[in-house]
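What follows is one structure encoded as structure tokens, with my remarks underneath.
The values are calculated or read from the model by the stated rules, or taken from the named source; none is laboratory data. This structure is a prediction, so every number in the text was calculated from the model and none was measured. Don't worry about glycine lacking a Cβ; one is built from the backbone with ideal geometry, like all the others, and counts go over all protein chains shown. In case anyone asks, the SASA skips ligands and DNA or RNA and just uses the protein heavy atoms, side chains included. Shrake-Rupley method; radii C 1.70, N 1.55, O 1.52, S 1.80 Å.
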Amino acid sequence: MLELNNIVKIFNAGTVDETTLFNDFSFKVEKGEFVSVIGSNGSGKTTLLNLACGTMKPDDGNIIFNGKDITKLPEHKRAAYIGRVLQDPRMGTCGNLTILENMALADNKNKPFGLGAGVNKKRADHYRTLLETCGMGLENRMNVPVGNLSGGQRQAIALIIASMTDIDLLVLDEHTAALDPKSSETLMKITDKVVKEKNLTTLMVTHNLRFAIEYGTRLVMMHEGHCVMDIKGEEKQNAKVDDLLKVFNEISIESGN
């Protein structure tokens, strides 16, 4: 599905602040996997997502997606088959547009735009059906501007929007981090339901260790541009938060913190 091969990524090249994050880094995500990625700040989690989505280009190495080299493919073209939900609830939706208008825009993804109406009201029932999966009553507020909704509601809509077309990979960039605990729990349940129902290959970065353990089929911990833990199956099912904290503490001590 997704392969990052021998990646080199250097920040602030040629300056006194030059830092090499990835040096001959390789990472692979198999079709159908739900990978939770954890790690301290600066470990490479978000850079990994940015490389996959095309927001950032590697300095060396290549990126393969479904057998094709997409290393030089721009972000907007990768968006045809990669859906992404960002940390900021304001980034995944248009606040001045209604829920219906936001859904319609997403529904037209990868389609040619003409001079016809942007909203096909015949699709409204389909949008309501999608929103019902959230269990938030959003299907009854189709004409409400998204900017009037809570952060959790906006993220739920952003998730539905990101996954409503035929994508091959769903990327979740700390999508619960800006929410209160209750909204975070709700959004993770919605996320798990959407991923399972659509059998979506998913790459999720999170700082919530419990979410990383409870959700997904594989757990990866990163540190200073390296994968220091990669577990799946029974090993992941038996993992505990204390186990992850132990590794975090060992890493911290090795780093002199």
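Out of all the residues in segment 8-17, is one or more surrounded by fewer than 18 Cβ atoms within 10 Å (Cβ to Cβ) and of a type in the set (Ser, Thr, Tyr)? Within segment 8-17, one or more residues are surrounded by fewer than 18 Cβ atoms within 10 Å (Cβ to Cβ) and of a type in the set (Ser, Thr, Tyr). For segment 163-183, a residue qualifies if it is surrounded by fewer than 19 Cβ atoms within 10 Å (Cβ to Cβ) and over 13 Å from the mean Cα position of the chain (by Cα), and the qualifying residues are 164, 165, 166, 178, 180, 181, 182. Considered as a group, the residues in segment 95-107 that are surrounded by 15 or more Cβ atoms within 10 Å (Cβ to Cβ) and not hydrophobic (A, V, I, L, M, F, W, C) include one that is nearest to residue 83 (Cα to Cα), and that residue is 107.
Within segment 1-20, residues that are touching a residue at least 24 places away in the same chain (Cβ under 8 Å) and under 25 Å from residue 82 (Cα atoms) sit with their Cβ atoms under 6 Å from residues that are of a type in the set (Val, Ile, Thr) and loosely packed, with under 15 Cβ neighbours inside 10 Å, at 6+ positions apart or across chains, in these pairs: 10/20. Looking only at segment 64-89, residues that are part of a loop (DSSP other than H, G, I, E, B) and closer than 30 Å to residue 119 by Cβ come to 8 in all. You will find that of 32, 42, 92, 61, the residue that is small (Gly, Ala, Ser), in a strand (DSSP E or B), in contact (Cβ under 8 Å) with a residue 12 or more places away in the chain and open to solvent by 10 Å² or more (accessible area, probe 1.4 Å) is 61 and no other. All of 138, 48 fail the test of being crowded, with 17+ Cβ neighbours inside 10 Å, touching a residue at least 24 places away in the same chain (Cβ under 8 Å) and closer than 30 Å to residue 12 by Cα, apart from 48.
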